[in-house]
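J.: Have a look at this one.
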Amino acid sequence: PELVALLDLDTLETFDTGFIDEDLRQHFADLSFRAKLKQASEAYICLLLEHKSYPDKWVALQLVRYELQILDNLRQQGAQHLPAIFPMVVYHGRRRWRVSKQLHGLFDLTGLQSIRQYVPNFKYHLFDLTALDDNSLSEDGLVNAALGAMKHIFDNKIQTQLGQILRRLRGLPRDQMQRAIQIVLRYIMTGATHLPRADF
């Protein structure tokens with residue numbers, strides 16, 4: 001909420017990542033955006049979203065690689081100042097996320113307190129779907145249905161959740177609702193590998 005309050009959401013746009021090198025492209029973040037700040041017409045912030053269905057110890061290193069590529073590309077384009085980047089991991093796996101959210105968590109700094117300040121560090125924000133109540137996922141029906149499908153994709157009895165997930169789409173225009181139902185059902189059919197097709 002603190003970040004959203006700073007943003008001019010009318011300026012929100014996808015961020016072009018066509019410059020990412022081939023080695024990194026296959027691992028690049030699922031979504032990246034940028035938006036200008038309300039109080040500074042020229043300043044903007046980059047939003048980097050990475051999706052995980054399992055706890056990944058190395059995600060902080062993955063995200064910092066993305067950030068460096070973005071910042072280096074902006075430098076090459078002649079930027080006078082680098083924008084802030086807000087990295088967020090969206091998680092919906094079976095196990096609890098116990099991975100450190102700081103890059104420092106990947107270093108062995110035992111006995112190195114005196115040089116800790118020289119070791120690179122940053123923190124990402126964790127959006128843990130598994131820790132949220134279904135009704136609090138989003139007030140937007142389409143977003144709620146999408147996040148609900150992600151949250152329950154590994155549930156053994158996901159079919160009992162399906163009606164509730166799809167009911168969130170009520171109120172959408174008919175064509176949008178049909179398209180959304182198709183997307184949610186296709187996601188569940190391909191992602192809920194434990195669910196027999198006959199049951200689905």
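J.: May I ask you to derive the relative contact order of segment 142-200, considering only C-alpha pairs under 8 Å and at least 6 residues apart, and to give it as an integer percent?
T.: The normalised contact order for segment 142-200 reaches 42 percent.
J.: Dipole of the chain (Lys/Arg Cβ +1, Asp/Glu Cβ -1, origin at the Cα centre): which of Leu137, Gln161, Tyr118 lies farthest to the positive side?
T.: Positive-end residue among those listed: Gln161.
J.: Tell me, in nm to one decimal, what length is gained between Met189 and Asp140 on full extension, where the rule is 0.36 nm per residue of separation less the Cα-Cα distance?
T.: Here the answer is 15.3 nm.
J.: On full extension of the chain, what length is gained from Thr160 through Glu42, given 0.36 nm per residue of separation minus the C-alpha to C-alpha distance?
T.: 37.6 nm
J.: Would you work out the charge dipole size for the chain about its Cα centre, treating the Cβ of every Lys and Arg as +1 and the Cβ of every Asp and Glu as -1, and quote it to the nearest 20 debye?
T.: Result for the chain is approximately 700 debye, rounded to the nearest 20.
J.: May I have the convex hull volume per residue, in Å³, for the Cα set of the chain?
T.: For the chain, the hull spanned by Cα atoms encloses 176 Å³ per residue.
J.: For the chain, what does the helix formula give at 222 nm: sum of -39500 (n - 2.57) over DSSP H segments with n ≥ 4, over the residue count, nearest 500 deg cm²/dmol?
T.: After summing the helix terms and dividing by residue count, I get -10000 deg cm²/dmol.
J.: Let me ask another. Could you tell me the relative contact order of the chain? Use alpha-carbon pairs under 8 Å, at least six residues apart, and round to a whole percent.
T.: Once divided by the residue count of the chain, the mean separation gives 15 percent.
J.: Then there's this: Given Phe200, Thr11, Ile188, which one lies farthest toward the positive end of the charge dipole of the chain, if we put +1 on the Cβ of every Lys and Arg and -1 on the Cβ of every Asp and Glu?
T.: Phe200
J.: Computing the accessible area with a 1.4 Å probe over protein heavy atoms, can you report the carbon and sulfur percentage for the chain?
T.: Here carbon and sulfur together make up 52 percent of the probe-accessible area.
J.: Quick check: from the Cα gyration tensor, does segment 129-200 come out rounded (a/c under 1.5), prolate or oblate?
T.: It is oblate, given that a/c is not under 1.5 and a/b is not larger than b/c.
J.: Say a paramagnetic label sat at a point 7 Å from the Cα of Ala5, along Cα to Cβ; which residues of segment 43-77 have their backbone N under 19 Å from it?
T.: 45
J.: Could you check the simple spin-label distance between Glu13 and Val119, using points 7 Å along Cα→Cβ, in nm with one decimal?
T.: Result: 4.0 nm between the two label points.
J.: Where does segment 63-179 land on Rg(C-alpha)/(2.2 N^0.38 Å)?
T.: Normalised by 2.2 N^0.38 Å, the Cα Rg of segment 63-179 equals 1.51.
J.: Eigenvalues of the Cα gyration tensor times 5, then square-rooted: what semi-axes does that give for segment 37-95, in whole angstrom, largest first?
T.: Equivalent-ellipsoid dimensions as semi-axes: 28, 15, 6 Å.
The values are calculated or read from the model by the stated rules, or taken from the named source; none is laboratory data. If you're wondering where the values come from, they're calculated on a predicted model, not measured in any experiment. Positions of Cβ are backbone-derived with ideal geometry, glycine not excepted, and every protein chain shown enters the neighbour counts. All accessible areas refer to the heavy atoms of the entire protein, side chains included, with ligands and DNA or RNA removed. Shrake-Rupley method; radii C 1.70, N 1.55, O 1.52, S 1.80 Å.
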